[in-house]
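Chemist: I have a structure here, written as structure tokens, and I will follow up with some questions on it.
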Amino acid sequence: QAKKEGRNTYRYHTEALSIAANERLIMENRLRHALAAGEFILHYQPLIDARAGHVIGVEALARWQPPDNTIVPPGKFIPIAEETGLIVPLGEWVLRTACEQGRAWIDTGLPPLVMAVNLSVRQFQSENLVELVQRILEETRLPAVCLELELTESMFMEHAERSIETLNRLKALGIQLAIDDFGTGYSSLTYLKRFPIDKLKIDQSFVRGLAHDPNDREIAATIIAMARGLKLGVLAEGIESEQQLDFLRQQGCDYYQGFLFHRPVPAIELEAWLREHSAPR
Ligand code: C2E
Ligand code: MG
Ligand code: MG
Ligand code: MG
């Protein structure tokens, strides 16, 4: 009996595995085709200066828009793109498109905005990242100070020394570096003093509970105080309510991002808003 069950379990496992592998292969092919067919788009979400109240930049967020006109969120394709390596060409497309858009906004007369772009682990570890960023900045003529790369703590876990070298070379281009989803990773805090980081982005999981959860309030307040002490900028992401905003304001958070200010939208839908909410010249 046991033997029979064992064999069945084994069979179910291999079937489940091959179904998963097969689905991944189908998805990989769809994504590869989507990239070639130009089905990826970027939405942009404003980043707000807490004291002045105006927009200081935008974060570029990838979306997949298949021909049926649905919009697939990045949570559904970034992990697969990351696993299959497709993130490298996709990430290059994101970086170039975001920089082109940043330049286009400058050319329409908007004050220079920060263009924040998410990097994946695979991209960060790829050999030619620094050269790629440099080339894209040259090609798109986006001022280097306008580009901010968003990294995650998990990127620094292995190969700390190599990470520092890559970050120093990126900083030498004149760009900004931010740690995304700060507080959710497993890495040690020592990198904060050793790495050339400009900004921490407090993860939205802590912001969510700010109105009612004392632990989230404590964590957010601590991150803000630490950022101030280390002379890093600090941004809170995922702000949806006035109560959350009140708390962050009291704590002296530098920058805000969230649906309370603006949802991520296509560039064309943001331009008038950006003009209205930019810093006065
Ligand atoms: P992230 O970089 O932390 O981006 C912030 C996410 O929070 C975005 O989700 C944004 O739409 C969402 N968000 C912003 N404000 C609010 C709010 O007030 N409430 C709530 N509930 N959510 C809010 P999105 O666009 O679905 O992106 C999810 C993640 O996918 C991103 O998290 C990022 O890690 C990844 N991602 C997106 N685009 C790219 C990309 O081009 N390359 C890479 N490597 N990853 C990307
Ligand atoms: Mg981000
Ligand atoms: Mg984030
Ligand atoms: Mg996040």
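Chemist: Regarding the stretch 92-107, can at least one residue be identified that is in contact with a helix residue (DSSP H, G or I) (Cβ under 7 Å, 6 or more places away or on another chain), open to solvent by 10 Å² or more (accessible area, probe 1.4 Å) and in contact (Cβ under 8 Å) with a residue 60 or more places away in the chain?
Modeler: yes
Chemist: Of everything in the stretch 225-239 that's within 16 Å of ligand 3 (Cβ to nearest atom) and aliphatic (A, V, I, L, M), which residue is surrounded by the fewest Cβ atoms within 10 Å (Cβ to Cβ)?
Modeler: If we take residues in the stretch 225-239 being within 16 Å of ligand 3 (Cβ to nearest atom) and aliphatic (A, V, I, L, M), then LEU232 is surrounded by the fewest Cβ atoms within 10 Å (Cβ to Cβ).
Chemist: Return the residue satisfying two criteria in turn: it lies in the stretch 240-258 and is part of a loop (DSSP other than H, G, I, E, B) and either surrounded by 24 or more Cβ atoms within 10 Å (Cβ to Cβ) or basic (Lys, Arg) (or both), and of such residues it is farthest from ligand 2 (Cβ to nearest atom).
Modeler: Across the stretch 240-258, the extreme among qualifying residues is CYS253.
Chemist: What number of residues in the stretch 250-276 are of a type outside the set (Val, Ile, Thr) and either free of Cβ contacts under 8 Å to residues at least 24 places away in the same chain or more than 16 Å from ligand 1 (Cβ to nearest atom) (or both)?
Modeler: Number of matching residues: 12.
Chemist: State the number of residues belonging to the stretch 162-188 that are more than 16 Å from ligand 2 (Cβ to nearest atom), within 20 Å of the chain's Cα centre (by Cα), more than 14 Å from VAL133 (Cβ to Cβ) and in a loop (DSSP other than H, G, I, E, B).
Modeler: 2
Chemist: Taking interchain pairs and intrachain pairs at least six residues apart, which have beta carbon atoms under 9 angstrom, with the first residue in the stretch 174-191 and open to solvent by less than 10 Å² (accessible area, probe 1.4 Å) and within 15 Å of ligand 3 (Cβ to nearest atom) and the second of a type in the set (Phe, Trp, Tyr) and part of a loop (DSSP other than H, G, I, E, B)?
Modeler: Here the result reads LEU177/PHE195; ILE179/PHE195, each pair linking the stretch 174-191 to a residue that is of a type in the set (Phe, Trp, Tyr) and part of a loop (DSSP other than H, G, I, E, B).
Chemist: What are the pairs with Cβ atoms under 7 angstrom where one residue, in the stretch 122-134, is over 18 Å from ALA81 (Cα atoms) and the other, located anywhere, is assigned to a helix (DSSP H, G or I) and open to solvent by 10 Å² or more (accessible area, probe 1.4 Å)? Sequence gap at least six, or different chains.
Modeler: That search, which allows pairs on different chains as well, returns VAL130/THR166; VAL130/ARG169; LEU132/GLU92.
The values are calculated or read from the model by the stated rules, or taken from the named source; none is laboratory data. In this text the structure is predicted, and so the values were computed from the model without any measurement. A quick note on method: Cβ atoms are made from the backbone with ideal geometry, for glycine too, and the neighbour counts reach across all protein chains shown. Please note that ligands, DNA and RNA were not included when accessible areas were found on the heavy atoms of the full protein model with its side chains. Shrake-Rupley method; radii C 1.70, N 1.55, O 1.52, S 1.80 Å.
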